[in-house]
Every structure is written in structure tokens, then in C-alpha cells.
1. Given the residues 64, 82, 55, which is the only one that is in contact with a Phe, Trp or Tyr (Cβ under 8 Å, 6 or more places away or on another chain) and open to solvent by less than 100 Å² (accessible area, probe 1.4 Å)?
2. Pull out all pairs, ordered by first then second residue, where Cβ-Cβ is under 7 Å, the residues are six or more apart or on different chains, the first lies in region 190-212 and is among the basic types (Lys, Arg), and the second is surrounded by fewer than 19 Cβ atoms within 10 Å (Cβ to Cβ) and assigned to a loop (DSSP other than H, G, I, E, B).
3. Would you point out the residue of region 98-134, among those that are among the charged types (D, E, K, R) and under 28 Å from residue 191 (Cβ atoms), that is least open to solvent (accessible area, probe 1.4 Å)?
4. Might you check whether a residue that is surrounded by fewer than 19 Cβ atoms within 10 Å (Cβ to Cβ), among the aliphatic types (A, V, I, L, M) and on the phi < 0 side of the Ramachandran plot occurs anywhere in region 228-242?
5. Which of the residues spanning region 177-194 are in contact with a helix residue (DSSP H, G or I) (Cβ under 6 Å, 6 or more places away or on another chain) and open to solvent by less than 10 Å² (accessible area, probe 1.4 Å)?
6. Pick out the one residue from 22, 35, 71, 9 that is surrounded by fewer than 14 Cβ atoms within 10 Å (Cβ to Cβ) and modelled with pLDDT of 90 or more.
7. Please identify the pairs in which a residue from region 96-120 that is over 21 Å from residue 222 (Cβ atoms) has its Cβ atom under 7 Å from the Cβ atom of a residue that is open to solvent by less than 80 Å² (accessible area, probe 1.4 Å) and among the hydroxyl-bearing types (Ser, Thr, Tyr), counting only partners at least 6 apart or on another chain.
8. Which of the following residues is open to solvent by 30 Å² or more (accessible area, probe 1.4 Å), of a type in the set (Ser, Thr, Tyr) and within 27 Å of residue 407 (Cβ to Cβ): 288, 295, 299?
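The values are calculated or read from the model by the stated rules, or taken from the named source; none is laboratory data. Being a predicted model, the structure only gives us computed values, none of them experimental. Virtual Cβ from ideal backbone geometry, glycine too; neighbours counted across all protein chains shown. These area figures cover heavy atoms from the full protein model, side chains too; ligands, DNA and RNA do not enter into them. Shrake-Rupley method; radii C 1.70, N 1.55, O 1.52, S 1.80 Å.
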Amino acid sequence: MTDAGEERVAGGGLLHRRALLVAGALSTGGLVTAVRAASQAQSPASMRDPGAPLSGYGARVHTSEAIQRIVPDLPFPGTGSSRTPLQLLEGTITPNDLHFERHHNGIPEIDPAMHELLVHGLVRQPLLFRYEDLLRYPRESRILFLECSGNSGTLAAAQPVQASAGQLNGLISAAEWTGVRLSTLLDEAGIAPSARWVQAEGADAAGMTRSIPLSLCLEDAMIALFQNGEPLRPAQGFPMRLLLPGIEGNASIKWLRRLKLIAAPAFSREETSKYSDLRPDGKAELFSLRMGVKSIILSPSFGLDLQGAGYREISGLAWSGRGRVRKVEVSADGGASWAEAALGDPVLPKALTRFRMPWRWEGGPAVLMSRATDETGAVQPLRAAWRAHYGAGQGYHSNAVQSWAIDSQGKVAHVYV
């Protein structure tokens, strides 16, 4: 039954996004809890005794202690990834201690007083920057997402993997990054006319090395020194890392120690045997660096089953390596019909955007999907279209639409549509 004031905009019980502004009027599904009259209420215990003293570093509320990164069992310690529990978070900024990690040979311990960044190769004059040198340069801050190119790679599996949204998609996080524009350092070194690429190298035991088009380095790249207001943590590249907005995370080299300007890509291990895209003809696409437009529904999702029919909010995240998200559409009937969700402000380029969709679940089966469109007009593809573009075994750069099925008991499962 439709309540007065509800405006259905698509199948499966999706409501117009303006309903988010009047959620109280739609709360007959059980959102509102009766409260006792103020005259009967007693002061809580927290008002009767002094609280805890000040501390040098803030602690979480104890009910949040279970919110941790998703860390799998790894055969080689220090080699692998941990994922952000996206479905347990709100907003768009990831706390530093929950930002996803990807390491190829552990986290190095680096003394910032001894660390140096060399800029050389096809330049007028090679330059050596110490950490304290970079702290003297003008800084800028930007809110940006960082996504591993292997994120959501399990969507290529023959059968849908039954796992949480964070387990499937948690190789993405967002933060306010602060640092020095890379173009400032390259201009100071003087770029030779023949330079077309930059080879970046990290100071970890893997000697992580990537070739990056010079044009990207001159666009909006930075040498990041701070994350969400504090110095980079060791796992995020302290004392300095390369940050390439909208580009696959592996290219944003951590523990950055060397930038070499070169005329052609170096074709290193990490850009040939890995981080390349398999095509149906058996060949591989190299240097497909920019992350595509994408969205994921976080609530409801696997592990967050529904408890009774009624009004709900469908919520998730959207992003694009090409710029701003222009719109996100949601379906509750497996793609038969779509309705536009509300985007939370601010909608920033190459950052995460929160979307919300009011929904009245009437207790029947439903299939939830979301698809994003960015400001260039690029649209997130359905899984079948994404798979058709690549060869068997492709697990990188997955931005396909993901689907959650809800049965009549409210249980949520990962499905393919």
C-alpha cells in the first residue's frame, strides 16, 4: 500500500528522492520508536559521574572496535592487501586507520631525516629533495579517492562470491591529501623536450616501479606528505608518496625515492606481467591507468539483512577517475526500471560521492542495482558488457554494475544479472 505523500518513481518500491527530506512521514515501517514523557525520564549515569580525563591520542568509542580492515590469511607476510569495511562506514572520507592497504613486500621503516627523492633523467639539472626540503614548498590539499586496479575483481568469477561489500569492493578509500604539486618540482628540474614518461620508484623491498605518462604528472599529480591532516602513516608511504588522482592505485608509488624522466615507458614487471588488461583476442592492453566510472550499493548488502518490511534507505558510493559523478540511478527490480538517487554534497572531481535512495520494501523478492554516470557522459556498464570487453581471467579495472538480491525473509545475497 502506498502512503499519502509517497511518490513511486520506479518498480520495486523506489520512491522519489525528495522523500529523504520527509522521512518521518514515511516511517510507518517501524523507524520511529515511542519515547517516555520527559517527566518520567531519569538522568543517565553519564550525567552523574565525572568523565574520563584528556588523552594524547583520541580513542574510538568501544562499540566501534569491531570496525576493522578486512585482512585475509596471506601465504607471504607483508605481501597482499587489506580492505576497507565500506558497508560499516558513513560519509565519504575514510579514517586513516581503515584506509585499504596493498603491499608487495612489506612496509619499510624509513627515517625521514635520511630519505631523499631524486629527480633525474631527461632534465636540465638533476635535483635531490629531502623530506624537510619538501615541507618548505607551497602545499595544496585535495579530497581524492585511491583505488586498486584489482578492486571488485571477483565480479569476473563464474559464480557470484558471497561476501560483504567491503570484501568485494574494499580496495578503495578516500582522504584529504596534502602535499606539493609534482609539476612544481619538475619545472624546477627543467623538462627536456624529448621527455614523455616518468619512471617512479619506491624505497620498499619490492622496489616498486611504474612508468607514468608525463602528461599525467603535469596535470594534477602531487607528492603527498599528509593524509587527513596528519603525516602519512608508514603503510601509506611515509615520508612521501606519489599521488595520481583518478589513476589506478599501484601507480601512486609509496615511499617515493626516485623520479626519472624518460622518452618511452620502461615496461617494468608491474606494467607488463601485472596491471595489464587481457583482451578477447589474447593480447593485452597496457597502461589503461584511469579508473572508470563506478558505484556500489553498501546498504542493504550481504551481511546486512533486512528485518521486516517498511521504509528503508538505499545508500552507497560512486566515483570516477575522469572527474565528477553526474548522477546515480538505482533499480530495485533487477534493471527493469531505474530512478535517480540523491547525491550528497559536495560532489568533487575524482572523489567519492555518497548517494541515497528512499525505498519502501514490501516484503517480496527484490534485486538492487546502481549505475553511475560521470561528467564526461561515461556510464557504468552492466556486468555482461564489461566481461565482453575483456578476455577470460581478467580481474583488473572492474567497474561493472553489482547486484544484491533480497528474498522474502530479508536475506541479502550477491547475484549476477
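1. Values: 64 fails: in contact with a Phe, Trp or Tyr (Cβ under 8 Å, 6 or more places away or on another chain); 55 fails: in contact with a Phe, Trp or Tyr (Cβ under 8 Å, 6 or more places away or on another chain).
Result of the check over 64, 82, 55: 82.
2. 196/263; 196/264; 210/268
3. Top of the filtered list is 133.
4. Within region 228-242 (the criterion being surrounded by fewer than 19 Cβ atoms within 10 Å (Cβ to Cβ), among the aliphatic types (A, V, I, L, M) and on the phi < 0 side of the Ramachandran plot), the answer is yes, since at least one residue qualifies.
5. First pass over region 177-194, keeping only residues in contact with a helix residue (DSSP H, G or I) (Cβ under 6 Å, 6 or more places away or on another chain): 180, 182-183.
Result: 180, 182.
6. Answer to the selection: 71.
7. Correct list of pairs: 98/84; 103/79; 104/79; 105/79.
8. On the way: 288 fails: within 27 Å of residue 407 (Cβ to Cβ); 295 fails: open to solvent by 30 Å² or more (accessible area, probe 1.4 Å).
After ruling out the rest, the residue left standing is 299.
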